Amino acid sequence: QVQLVESGGGLVQAGDSLRLSCAASGRTFSRYAMGWFRQAPGKEREFVDAITWNGETTYYTDSVKGRFTISRDNAKNTVYLQMNRLRPEDTAVYYCAATSKGLRTTRAAYEYWGQGTQVTVSA
């Protein structure tokens, strides 16, 4: 069992940066690949990026490549999402999620989810 709690969201202007954190409970955090998803109002929850259990491999959706960076610190049971050059279209609730299935991009592959943190980017 893994419990996830996101933090770090807020209201920023276009071009600004934010760093989201996702703190995990449980001793088995390092066994899970981690992902970030986001859901904008009226839209489906979509994949943003993911990282393998050891942090060696990452994968990004095209719209965030070069702007967002996912990382993890297994000693702190935490995964991070550094978001740079934010755009209004990045506005969404951001969720972290854990999967035992390796690097995955689909929602159904993730077994555990956080409650989400709101990111709002003004123009």
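So is Asn84 touching a strand residue (DSSP E or B) at 6+ places or on another chain (Cβ under 8 Å) and either buried (at least 16 other Cβ atoms within 10 Å of the Cβ) or not hydroxyl-bearing (Ser, Thr, Tyr) (or both) or not?
Yes: the conditions hold for Asn84.
What number of residues within the range 94-123 satisfy the criterion of being touching a residue at least 12 places away in the same chain (Cβ under 8 Å), open to solvent by 30 Å² or more (accessible area, probe 1.4 Å) and out of contact with any Phe, Trp or Tyr (no Cβ under 9 Å at 6 or more places or on another chain)?
Of the residues in that region, 3 qualify.
Among the residues of the range 20-33, count how many are open to solvent by 50 Å² or more (accessible area, probe 1.4 Å) and more than 16 Å from Ile51 (Cα to Cα).
Matching residues across the range 20-33 total 1.
Applying the selection to the range 37-73, what residues are assigned to a loop (DSSP other than H, G, I, E, B) and surrounded by 15 or more Cβ atoms within 10 Å (Cβ to Cβ)?
If the condition is that a residue be assigned to a loop (DSSP other than H, G, I, E, B) and surrounded by 15 or more Cβ atoms within 10 Å (Cβ to Cβ), then Arg45, Thr52, Trp53, Gly55, Thr61, Arg67 are the ones that fit.
The values are calculated or read from the model by the stated rules, or taken from the named source; none is laboratory data. These numbers were taken from a predicted model, which means no experiment stands behind them. All Cβ positions, even for glycine, are placed from backbone atoms using ideal geometry, and neighbour counts span all protein chains on display. The accessibility values were calculated without ligands, DNA or RNA, using every heavy atom of the protein model including side chains. Shrake-Rupley method; radii C 1.70, N 1.55, O 1.52, S 1.80 Å.
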